[in-house]
Amino acid sequence: MYSESMSRRAAEIILSDEEQSKITMWAKGRRFPARLVQRAQIILMAARGAFSKDIAAKLGTTRPTVQLWRDRFLALRLAGITKDAPRPGRLPRISAEKITEVVRATLHEKPSNATHWSTRSMAAAQGISKATVCRIWNQHNLKPHLVKTFKLSREKHFVEKLRDIVGLYMNPPDKALVLCVDEKSQIQALDRTQPGLPMKKGRCGTQTHDYKRNGTTTLFAALSMLDGKVIGDCMPRHRHQEFIRFLKKIDNETPAGLDLHLIVDNYGTHKHPRVKSWLSRHPRFHLHFIPTSSSWLNLVERWFREITQKRIRRGTFQSVPDLITAINDYLENHNQNPQVFVWSASADQILTTIAKCKEVLETLH
């Protein structure tokens, strides 16, 4: 009769005190998964000298299963029975060479009849399905259909101005208020030629593609870096006269004992002789000019994006007063629960990123 003692004897299992304690707990515990309880019972009985065939008969399993978990425990100890053995899975239909070729073509080639690859054109060129192309692009985070615009400033004093602005954000001066100031000019009061259809299940809201122009306004805004509140005013134009009027509004609506550091761009209105004359008579105002082509340094632009997306872009306005009322309502609601925009990138981090961009551009050219 065949017996385990007549064949190759299974390797002996000797448990440490810690292993004995844990395996006993798993073997008797009711709050553990059934598969872990069974594996612990196998190892516990094996450590007591029981044969695999006897363990299998007592636990209602097969001898190969018992031998599997004995071998796994001997190889990996406790970790060998707490986790399932890795399974090989289905063999990939697309070879690694084909994946490499798709990635290389995406990065370094262009189709003869287009500026960029689509899933269908890449699939036709590589002889695979467009679903496979999608999977490869997703795995490698490739998005040939997208493009982002950029512009590097040629400002001679870029570094000095950058450190000045970032310093105001990250280490503002004492007894002072930092305000990001700019104008959102030529906001159009647009009215649609026909009423839109409301949203319903299975269909988004609609608007006609054509519109009526009912005039424009300019929004002057000053975003406080302290509490996120915005001082705003709508005016018909954005000349130096309107800018001085807005400065007076800022002067009236901020505490008199604080210096005011205004971050502004290089628009000519901000440097007009009459503006400079007004500033000389109000010494608590200090203007800090961002480098040219660096509007991203002025955080009020981030707030302008908010009001554009949430209130202006999809709005319908039959007149300029309707538009101004909508803007003022948004300002009032925002200031009741303002959002503070926090600048986190240091000047050195920004300069390092810009240096890498310049290096890539020089390499390409």
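So, of the residues in the stretch 45-72 that are of a type in the set (S, T, Y) and assigned to a helix (DSSP H, G or I), which turns out to be farthest from E12 (Cα to Cα)?
Going through the qualifying residues, I end up with T65.
Can you tell me which of (1) outside any loop (DSSP other than H, G, I, E, B); (2) assigned by TED's automatic domain parsing to the domain that holds Y169 is the one L361 doesn't meet?
(2)
I'd like to know if the stretch 82-98 contains one or more residues that are part of a helix (DSSP H, G or I), surrounded by 15 or more Cβ atoms within 10 Å (Cβ to Cβ), under 33 Å from the mean Cα position of the chain (by Cα) and modelled with pLDDT of 80 or more.
Yes: the stretch 82-98 contains one or more residues that are part of a helix (DSSP H, G or I), surrounded by 15 or more Cβ atoms within 10 Å (Cβ to Cβ), under 33 Å from the mean Cα position of the chain (by Cα) and modelled with pLDDT of 80 or more.
Here's a check for you: in the stretch 270-289, which residue that is in contact with a Phe, Trp or Tyr (Cβ under 9 Å, 6 or more places away or on another chain) and of a type in the set (A, V, I, L, M, F, W, C) is farthest from I354 (Cα to Cα)?
W278
If you scan the stretch 243-284, which residues turn out to be in a strand (DSSP E or B) and either surrounded by fewer than 18 Cβ atoms within 10 Å (Cβ to Cβ) or modelled with pLDDT under 95 (or both)?
If the condition is that a residue be in a strand (DSSP E or B) and either surrounded by fewer than 18 Cβ atoms within 10 Å (Cβ to Cβ) or modelled with pLDDT under 95 (or both), then D259 is the only one that fits.
For (1) over 25 Å from K161 (Cβ atoms); (2) over 26 Å from the mean Cα position of the chain (by Cα), each residue gets a yes or a no:
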{"position": "D259", "(1), (2)": "no, yes"}
{"position": "H282", "(1), (2)": "no, yes"}
{"position": "F285", "(1), (2)": "no, yes"}
{"position": "P321", "(1), (2)": "yes, yes"}
{"position": "N328", "(1), (2)": "yes, yes"}
{"position": "V340", "(1), (2)": "no, no"}
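Checking the condition part of a helix (DSSP H, G or I), exposed (fewer than 15 other Cβ atoms within 10 Å of the Cβ) and of a type in the set (G, A, S), which residue from A345, A326, A355 passes?
A355
Condition (residue is in contact (Cβ under 8 Å) with a residue 24 or more places away in the chain and touching a strand residue (DSSP E or B) at 6+ places or on another chain (Cβ under 7 Å)) applied to the stretch 201-209: is it met by at least one residue?
There is at least one residue in the stretch 201-209 that is in contact (Cβ under 8 Å) with a residue 24 or more places away in the chain and touching a strand residue (DSSP E or B) at 6+ places or on another chain (Cβ under 7 Å).
For the condition over 34 Å from the mean Cα position of the chain (by Cα), part of a loop (DSSP other than H, G, I, E, B), modelled with pLDDT of 90 or more and not small (G, A, S), what is the one hit in R237, R213?
R237
Residues checked against (1) in contact with a Lys or Arg (Cβ under 7 Å, 6 or more places away or on another chain); (2) outside the structural domain of F289 (by TED's automatic domain parsing); (3) acidic (D, E):
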site: V133; (1), (2), (3): no, yes, no
site: Y169; (1), (2), (3): no, no, no
site: D174; (1), (2), (3): no, no, yes
site: E183; (1), (2), (3): no, no, yes
site: Q186; (1), (2), (3): no, no, no
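Within the stretch 305-323, track down each residue that is of a type in the set (V, I, T) and part of a loop (DSSP other than H, G, I, E, B).
Passing the criteria: only T316.
The values are calculated or read from the model by the stated rules, or taken from the named source; none is laboratory data. Remember, it's a predicted structure, so these values are computed and weren't measured experimentally. Cβ coordinates were reconstructed from backbone atoms using ideal geometry, including for glycine residues, and neighbour counts include every protein chain displayed.
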